[in-house]
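For reference, the structure is listed below as C-alpha cells.
None of the figures in this text is laboratory data; all of them are computed from the coordinates on show. Small disclaimer: the values here were computed from a predicted structure and weren't measured. Cβ coordinates were reconstructed from backbone atoms using ideal geometry, including for glycine residues, and neighbour counts include every protein chain displayed.
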Amino acid sequence: MTTATETRTKPGELNMKVVILAGGFGTRISEESQFKPKPMIEIGEKPIIWHIMKEYSFYGFNDFIICAGYKQHMIKEWFADYFIYSSDVTFDYTNGSSNMTIHETNMEPWKVTVVDTGLNTMTGGRVKRIQKYVGNEPFMLTYGDGVCDVNIHKLAAFHKSHGKIATLTAVLQEQQKGILDIGGDNAVKSFREKSRVDSSPINAGYMVLQPEIFDYIEGDQTVFEKEPMQKLAERGELMSYMHRGFWQCMDNAREKETLEKLLKMGKAPWKKWAD
C-alpha cells in the first residue's frame, strides 16, 4: 500500500512527540460515548485512537501523549492491557497457581503517556497541561476522533520549511469545522468558527507546533481553536498544509458506519500499514 512518494520514515529520523486530544465528552455520538471515551470507540475492532496512532507510527512517529479527560481511566486501562491484547498467551493453573506464558506478540514500538487533563478542561487547556511532557521542542497535535491519509512526513517537512509557529492540515469538506481564510502563500489570514453557509477549507487537525504555542494558551478555559489560533493567524504565524486526499471525523453513528464499511471493503485510505 506504500507508494513511491509516500515512504516510511527511517527509525529515529524524526522524533517529534505526537499529542492527541482525547478528553471530550463525544456528545454527538452518545450512543457509545456514554459508555466509553469517544477515541476508544472501535472501528474494525480497534479504537479509533489506535488507528490514528498507527498512521503516525507508519511515518516513524512513535512517542505519544494522550490528553485524556472523560472516562480517562478506560484509556489507561486499555493501554495497560495492550500487551496482553496483542499477544498469544497461555494461562496455566494446573499446579494450583497462576502462571502466564507469552508465546508471540505483535506489540507496536510505542511510548504512550496518558495524562488526565481534567473533565471539563477546554482543548487549549488540555494542551497547556501536557507542556511539561513535551518540553521545549516542536510537536504534533491532532484530534482523537478522525482519520486521514495525509503524508505526515511531507507535513513535517513543510512546517520546517516556513519557520512559523504553527501548521495545520486543511481539507475541503462539506461539513464545516474551523473556517480558514488562506492566502496565496499558504499563510492563514484568519481563523474562525464554522458557519452553515460556508464552503471553505477546514481545519482537519494533524498540526505541527513550535513550543512557543504554549505562550498563546492562558489556562483550562482556553479553547485552542479560538483565541490561540486567531492570534496566530493575525500575527502571520499560522500556516496551512493543503491536503486534497481523504479525511473523515467520527462525530456520529453514520460516520462510524462509513469508516467501518471502508475497512471491511479493504478501501480504508488511512490504513497504509500491513496487517
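If you line up the long axis of helix 253-264 against the longest principal axis of the chain, both from Cα atoms, how many degrees apart are they, to the nearest 10?
60 degrees
Select from T101, A156, P269 the residue farthest towards the positive end of the dipole of the chain; place +1 on Cβ of Lys and Arg, -1 on Cβ of Asp and Glu, and compute about the Cα centre.
Among T101, A156, P269, the one farthest towards the positive end of the dipole of the chain is A156.
Could you work out how far helix 48-58 tilts from the main Cα principal axis of the chain, as a 0 to 90 degree angle to the nearest 10?
Helix 48-58 and the main axis of the chain meet at about 80 degrees.
Out of the DSSP beta bridges found with both residues in the chain, what percent are antiparallel (nearest 5)?
Around 55 percent antiparallel, to the nearest 5.
Which whole-Hz ³J(HN,Hα) couplings does the range 64-74 yield from phi under the Karplus relation 6.51 cos²θ - 1.76 cosθ + 1.60, θ = phi - 60°, glycine and proline marked x?
Result, rounded to whole Hz: 10, 10, 9, 8, 8, x, 4, 6, 4, 4, 6.
Lys/Arg Cβ at +1, Asp/Glu Cβ at -1, dipole of the range 17-264 taken about the Cα centre: which of M239, P37, N62 is farthest positive-ward?
It is M239.
Is there a quick way to get the dipole size of the range 17-264? I mean about its Cα centre, with the Cβ of Lys and Arg at +1 and of Asp and Glu at -1; what is the value in debye to the nearest 20?
Using only the charged Cβ atoms, the result is roughly 520 debye.
Taking the highest mean first, how do the peptides 75-88, 136-149 order by number of other beta carbon atoms within 10 angstrom per residue?
Listed from highest to lowest mean packing, they are 136-149, 75-88.
For the chain, compute the orientation-averaged projected area of the C-alpha convex hull (one quarter of its surface), in nm².
Value for the chain: 16.4 nm².
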